[in-house]
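Bear in mind that the values in this text are calculations on the coordinates, not laboratory data. From a predicted model like this one, the values you see are computed outputs, not experimental measurements. No Cβ is skipped: glycine too gets one built from the backbone with ideal geometry, and neighbour counts run over all protein chains shown.
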Amino acid sequence: MEALELKMLMSPDVVGIEAGGGPADVESFCVLVQCLIGEPGPAADTFDVIVASPDRFAAAVPTDGGALSGRGYLVMRRWDGARVRETIAGWVAEASGAADWPTAAAILCRSMFWELENDDIG
């Protein structure tokens, strides 16, 4: 398998995330980041991660004594778009060592939610 590429970051919550855009409050935020990832060429799959400040992450924990899984979250004290991209690019680099796409997608799913993770791709 060829090395994977982080082709684009998008967000319905932040305008111009690729151009350095960020949330209005850079210290208290919860932003859905959608990542287009794939092998070289036009095809890509979408992986989602919620980037949140600690206070917003804590607010997502159920108040009835329940728990919240950390999968699918990236927690940072202050919004830093370059650090978000760098972190996700590291996940992509780690998955690039996989033998095939299903294995690479499974590695990416350790940190993010894949648009096709509940589909039968075998």
* To do: Go over the candidates Val92, Val61, Val49 one by one and state the one that is β-branched (Val, Ile, Thr) and part of a strand (DSSP E or B).
  => Val49
* Structure fact -> In the stretch 5-52, residues that are under 15 Å from Thr87 (Cβ atoms) and of a type in the set (A, V, I, L, M, F, W, C) total 12
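For the stretch 8-22: of the residues being among the hydrophobic types (A, V, I, L, M, F, W, C) and farther than 20 Å from Glu94 by Cβ, which is surrounded by the fewest Cβ atoms within 10 Å (Cβ to Cβ)?
My answer is Ala19.
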* Residue in the stretch 110-119 that is surrounded by 13 or more Cβ atoms within 10 Å (Cβ to Cβ), more than 15 Å from Met10 (Cα to Cα) and aromatic (Phe, Trp, Tyr) present -> no
* Pairs, please: C-beta under 7 Å, at least 6 apart or cross-chain, first residue within 15 Å of Cys30 (Cα to Cα) and in the stretch 72-99, second among the hydrophobic types (A, V, I, L, M, F, W, C) and surrounded by fewer than 16 Cβ atoms within 10 Å (Cβ to Cβ)? -> Arg78/Val26; Trp79/Val26
* Structure fact -> Exactly one of Val31, Val26 is surrounded by 16 or more Cβ atoms within 10 Å (Cβ to Cβ) and either farther than 24 Å from Gly97 by Cβ or more than 13 Å from the chain's Cα centre (by Cα) (or both), and that residue is Val31
* Taking the stretch 23-58 as the region of interest, how many residues are touching a residue at least 12 places away in the same chain (Cβ under 8 Å) and either closer than 22 Å to Val92 by Cα or of a type in the set (A, V, I, L, M, F, W, C) (or both)? -> 23
* To do: Give the number of residues within the stretch 45-78 that are surrounded by 15 or more Cβ atoms within 10 Å (Cβ to Cβ) and over 14 Å from the mean Cα position of the chain (by Cα).
  => 3
